[in-house]
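Working notes, structure below.
Computed from the coordinates by the stated procedures, all read-outs in this text should not be read as laboratory data. Keep in mind that this is a model prediction, so the values were computed, not measured. Here the Cβ positions follow ideal geometry from the backbone for every residue, glycine too, while neighbour counts run over all protein chains shown.
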Amino acid sequence: MWTWIVAHPWTSFLAAFLVFVVVIAIRDIFFMRRHAIRHNFPVVGNLRYFLEMVGPELRQYWVANDREELPFSRSERAWIYSSAKAQNTNFGFGTAEQIYSIGYPIIKPAAFPFPESKATYPGDDKTEVPCLKVIGEGRRRRPFRPRSIVNISAMSFGSLGERAVRSLNRGARDAGAYHNTGEGGLSPYHRQGAEVVWQLGTGYFGARGPQGFDLDRVAEVCAAEPNVRMIEVKLSQGAKPGKGGILPGAKVTPEIAAIRGVPVGQDCISPNAHTEFDDVDGLIDFVERIAERTGLPVGIKSAVGKLDFWEDLARRMKATGRGPDYIVIDGGEGGTGAAPLTFADHVSLPFKIAFQRVYQVFQKEDMASRVVWIGAGKLGFPDRAMVALAMGCDLIYVAREAMIAIGCIQAQKCHTDHCPAGVATQNRWLQAGIDVDDKALRMSRYLKSFRKELLNLAHACGYEHPAQIKGSDIECSTGVNRFSTLDEILGYVKEEVPFGQMKDLQPTP
């Protein structure tokens, strides 16, 4: 028998294939009760489900044009990949954008740009762009000036694999940026040398004792980890505001369960609300308790919906002199990991509207300069970051753009544990595709390239620092042959921050 098979390989292959087809046909006809297409069209019907499975990849590479794909177009991803790989980030033959389309921003250059020969820097890195403000200055024992105005947003170990988290942290370290832990707690993989913001969500992961939130434990961790520079209280996030974090059971490994204090293999669903406070005064007290014990600046992160909370917060902060040192406004277009479709698509305002409304509320109470403002929600590109800075942001968060920098291909399988790039998965085989040293270098390059382009844009507009840009320096299309300045569209002029030279913006100890 074996001799015959060796002598007739193609005949043997055909026979084996026919047997396989017959087996599939029998299964589809007699045992396939849940899928009508497979039952009614045996063998051939399976092709439909295969094409459905690979459809996103087919559209991504063969069907969609360079600028129509969502959430990030091929051109946008190409810019991130090129920045991360130190490749040519220039494009040829002019813009392919519809520059007269409603809302399209135009950054207005100065007739006499700021001379690059006169530019100064805080250190040897000529892409370093520190925050103009010192967070918690005059209020906290350990105030903090971030060395980078672009930093890595909240993405938990759990949502991302350990190799991805290590790559992000080392990349942030090498670029002088900070790394937000996300609500999953401060894992060993967030301790690779970068400055860290420890986020506390409604589950208080990593900060829990037998009775719930444990402030003593928080203080102990902060005292033992000098790279923890700020605490962030997450009220909500852009992808699923009003709903707690979602980590599917497939991702809850024994290690993650131990860090978070949850059962192995079960869905980890954070509560939709905090247990330590349920009103504005309670939130302020919670912030102040943490800041007093740790000495660190404490901020809040939130998506935006109803404004009564923000009006209350601004009034109470003004009346008491207490409250968060910084505020992160997360746009509804943001989000990583898993979220219900309706929440991702329809709940919470997009970034520009959200930031405009909250900033105006604080301006009316003369409190806009009292806090540091951080923007999040698809801002990981120089043009969008410049618009956010002109609106009043002091810092920019990047999340999915950071994932792309370390290899994410936008497969949109984050919620399944089957991320083909090994970024958003706990699958060891898939994670093995991530070379941490290489991806860390890519992350660092992306951050530095981003900041370099922000500097170039600032210089073109006549400024040394990107955060000096004003709303009057940007115009947006508002109709046929009509453009309006950002100030006119927003209805306010952002508060200016005193600035001398870049070299004066030295890091805090």
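Calculate for the chain the 222 nm mean residue ellipticity that helices alone would give, adding -39,500 (n - 2.57) per DSSP H run of length 4 or more and normalising by residue count, nearest 500 deg cm²/dmol. Could you put the intermediate results ahead of the total?
Numbers: 17 runs with 188 residues, N = 509.
Mean residue ellipticity, 222 nm, calculated: -11000 deg cm²/dmol.
How high is the FRET efficiency from V22 to D214, r the C-beta distance, R0 45 Å, rounded to 0.05?
Computed FRET efficiency for V22 and D214: 0.10.
Checking (1) 204; (2) 223; (3) 164 against the coordinates, the calculated volume of the Cα convex hull per residue in Å³ falls under label (1). Taking the average, over residues, of other Cβ atoms within 10 Å as the packing measure, peptides 158-168, 137-147, 206-216 rank 158-168, 137-147, 206-216 from highest down.
For segment 357-365, the Karplus equation 6.51 cos²θ - 1.76 cosθ + 1.60, evaluated at θ = phi - 60°, returns couplings of 5, 5, 4, 4, 4, 6, 5, 4, 9 Hz by residue, with Gly and Pro reported as x.
Packing-based ranking of 488-499, 390-401 yields 390-401, 488-499, ordered from highest to lowest mean Cβ neighbour count within 10 Å. Cross-link partners of K352 among lysines, defined as those whose alpha carbon lies under 16 angstrom from its own and excluding same-chain residues fewer than eight positions apart: K301, K306, K378, K470, K494.
Computed extension length for R191-K503: 109.5 nm, one decimal, from 0.36 nm per residue of separation with the Cα-Cα distance subtracted. The residue list V129, A314, V387 was ranked by how far each Cα lies along the charge dipole of segment 105-504 toward its positive end, using unit charges on Cβ atoms, and V129 comes out on top.
Take each peptide in 228-237, 434-443, count the other Cβ atoms within 10 Å of every residue, and average; sorted highest first, the result is 228-237, 434-443. Values of log10 I(q)/I(0) for segment 146-190 across q = 0.24 Å⁻¹ run -0.77, by the Debye formula with one identical scatterer at each alpha carbon and no solvent.
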